[in-house]
Amino acid sequence: MPHFLLSFRIESDSTYQDRYDSLQEALRTIAAEIPWDETSSVCIFPAAGTAQSVADHLYYKSKLLAPKDLLLIIDLDNRTHAQYGCKYPNSLKANLGF
């Protein structure tokens, strides 16, 4: 089962807490173990699927809004990634190396 790193940024506004809570709930429904989340805006967890399928699940099962918010999933085992809301995807890919 692949291990994923989730990094996210939720824009601060009147619906911040609702969007944050919905992301945490979506994460609980896909993670095979309790996610490691000791740092701000980063979680690491095992889950079935690909980087894209995990990103899709988290985005569509939460209330995140791509124009405002950013969601990045990195598959640590397969060296792939998927994202929603990234303004500079080419820079992300160049810096990740995949």
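Does segment 50-85 hold any residues that are more than 21 Å from His3 (Cβ to Cβ) and either in contact with a helix residue (DSSP H, G or I) (Cβ under 9 Å, 6 or more places away or on another chain) or small (Gly, Ala, Ser) (or both), and which are they? Answer for segment 50-85, where residues must be more than 21 Å from His3 (Cβ to Cβ) and either in contact with a helix residue (DSSP H, G or I) (Cβ under 9 Å, 6 or more places away or on another chain) or small (Gly, Ala, Ser) (or both): Tyr60, Lys63, Leu64, Leu65, Ala66, Lys68, Asp69, Gly85.
Of all the residues in segment 35-80, those that are more than 24 Å from Tyr16 (Cβ to Cβ), over 10 Å from the mean Cα position of the chain (by Cα) and not polar (S, T, N, Q) number 8. Here Tyr59 passes the criteria (1) surrounded by 14 or more Cβ atoms within 10 Å (Cβ to Cβ); (2) touching a residue at least 60 places away in the same chain (Cβ under 8 Å) except the one numbered (2). List the residue pairs whose Cβ atoms are under 9 Å apart, where the first residue sits in segment 75-98 and is among the hydrophobic types (A, V, I, L, M, F, W, C), the second is part of a loop (DSSP other than H, G, I, E, B) and surrounded by 14 or more Cβ atoms within 10 Å (Cβ to Cβ), and the two are 6 or more positions apart or on different chains. As it stands, the answer is Leu76/Pro2; Ala82/Thr50; Leu92/Cys86, since those pairs meet every condition given.
The set of residues from segment 22-49 being polar (S, T, N, Q) and out of contact with any helix residue (DSSP H, G or I) (no Cβ under 9 Å at 6 or more places or on another chain) comprises Ser22, Gln24, Thr39, Ser40, Ser41.
Every number in this text was worked out from the coordinates using simple rules, so none of it is lab data. The structure presented is a predicted model; accordingly, all values stated were derived computationally and were not measured. Note that each Cβ is placed from the backbone with ideal geometry, even for glycine, and that neighbours are counted across all protein chains shown.
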